[in-house]
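Below: the structure, in structure tokens.
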Amino acid sequence: MTSDLRVAALYCYPVKSCAGISLSRADVGPMGIRYDRQWLVVDEHGVFVAQRGDTGGRALGIRSLGQVETAIGAEALTLRATGMDPLVLPLGGRDGERVTVGIWSSRVGAVDQGAEAADWLSAYLSRERPGRYRLVRMPEDEVRSANRGQGRLAFADGYPFLVISTASLADLNRRMPAPLPVNRFRPSIVLDADEPYVEDRLGRIRIGRVELQGTTRCVRCPIPTFDQRSGARGKEPLRTLATYRRTARGVVFGRNFNHAGTGRIAIGDPVEAVSWEASDREPMPA
């Protein structure tokens, strides 16, 4: 059984569905990696905007959101997009109107980030889908629970952490017509591992002072089929994954985790496998 695991990469996605940031180290707070999915784009009705939409009207799909680059400095969050001047926002958020927004089946409180952000997002996103869009931030006193288990998160889909391994991505890419970059899968933590899909069997892990508890394997939505640079959509990697990673719930790749405790984690940190489990495993074709 694989035991020599280390952190190979860390990512933060400050604005949900926008481009992520590669980190050398990350501070983990009550909602996960600090600033991860702390900001959310919504339409005039408070429905959240993502790269992919939802037929039930719970999410508005605008693929160009993925081409909005994000950067975090000492005091500011900066958004950049083609043809737009940078939008610079205070990292601690603006004291705006408290509003209620929809994130999948949840209704949560959020703080509106003002007219400047709204004007910038509306100008850029309306090139693809005309409308009025606003930016909101998750306040520190809002408690949003994970879909399963004991976890707290900001605007991530259902869990504060998504973990994949270098071996899993390498195994997938060996089966692919052409290899894909890790950004297609938008992980929080990438493990350096020799065994493909070792993350499927990880129960509880410890990185420094932070403990994480595995919950479910991640059922992949269409976003991995979107080129994160151009927004173009294809059939891969879901077509290839479906040949050997299909379950009753859908095609899976990566594992969702909750966390307990706070602290700093960094690339190169050893990952202690405190426990292993197979409760989330389902038969898959060879």
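The values are calculated or read from the model by the stated rules, or taken from the named source; none is laboratory data. Computed from a predicted model, the values in this text were never measured in an experiment. Heads up, the Cβs are rebuilt from the backbone with ideal geometry, glycines too, and the neighbour counts pull from every protein chain shown.
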Mind telling me which of the residues R255, R264 ends up being in contact with a Gly (Cβ under 7 Å, 6 or more places away or on another chain), crowded, with 16+ Cβ neighbours inside 10 Å, at negative phi and not in a loop (DSSP other than H, G, I, E, B)?
R255
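With the requirement that a residue be out of contact with any Leu (no Cβ under 8 Å at 6 or more places or on another chain) and closer than 24 Å to E142 by Cβ, what does the range 115-130 give you?
Scanning the range 115-130 gives a single hit, A115.
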Selection count where residues are in contact with a Lys or Arg (Cβ under 6 Å, 6 or more places away or on another chain) and surrounded by fewer than 23 Cβ atoms within 10 Å (Cβ to Cβ), scope the range 26-41:
2
Which members of the range 58-79 meet the condition of being surrounded by 22 or more Cβ atoms within 10 Å (Cβ to Cβ) and free of Cβ contacts under 8 Å to residues at least 24 places away in the same chain?
none
Which of the numbered conditions does G109 fail, given that it passes all the others? Conditions: (1) in a loop (DSSP other than H, G, I, E, B); (2) of a type outside the set (A, V, I, L, M); (3) at pLDDT 95 or above.
(1)
